[in-house]
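So the structure is just underneath, and the comments pick up after that.
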Amino acid sequence: MKKVFLLITVCILLEFTNVFSQNLGRVRFKNFINQDWYINVNYGSLLFCGDIKQYDFYPVEQERKWGYGVIFGKSFNQTFSLQGQIISGELSGINRNKNQQFDAEILEYSLNAVIDFTDMFCFLLFNKIDNSPKKVKLYSYVGLGYLDFRSIQKTYQEEKFVAAQGYSADGTVKEEMTTELVVPVGIGLNFRLSRALSFNLEASLRSVYSDKLDVSIVPNSSKDKYEYISLGLKYKFNLAKGYKAQL
């Protein structure tokens, strides 16, 4: 599955290259390639949503974990961007009533399509398109990727081993991580500090196409999910001198 995902990503990038090289010519294509890249580093809260969870709508203290991420992206215009995202961190869940708990370490990598809704809302509210730099921008994204995880489930009270993913049969030795598909969906606000620098607040729900993340496979239950709420710092740049990044 990893090979399929990488092949699809490469094909998309090659298709973009082919289209723009044919339609825009070499000079404009070179300008397009050089302009409007960005990198974002972020840190935030990770919260599991699945079978092993004390309450449905809010976490107990032990369930809130932390993670960090890196984003590398390319803006095609003021509305659309493509970005690669990596998130690393931990997840945890408990259910005192069922005497269950689990802990997991995760590594997610995905390719996301980003839509900036700022100009759309300006047009709907003021019936005009304003191309001036915006101090605040609203955006959303959806993507596809993979989640590598290593999880272990224990009893909550006695802390006895129950089952594991990415460990040996007795849960004592780390082995290769389990890999599953993940679909991230997020929304955020971007606050402009300067031409090149901004910070963002973002919330996302990341749906895993598996029920293995908490090592609790329940028939007819929904798939596991987790939330990532983060604060990030974004830097825009160009690959060659003489270009100005989009505001």
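Read-outs: derived from the displayed coordinates by stated rules, not from any lab. Because the structure is a prediction, the values reported are computed rather than measured. Cβ placement follows ideal geometry from the backbone for every residue including glycine, while neighbour counts extend to all protein chains displayed.
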Item to check | By average C-beta atoms within 10 angstrom, highest first, the peptides 56-66, 80-90, 153-163 | outcome: 80-90, 153-163, 56-66
Next on the checklist: Applying a 10 Å radius around every beta-carbon, put 165-174, 68-77 in order of their mean neighbour count, most first.
Outcome noted: 68-77, 165-174
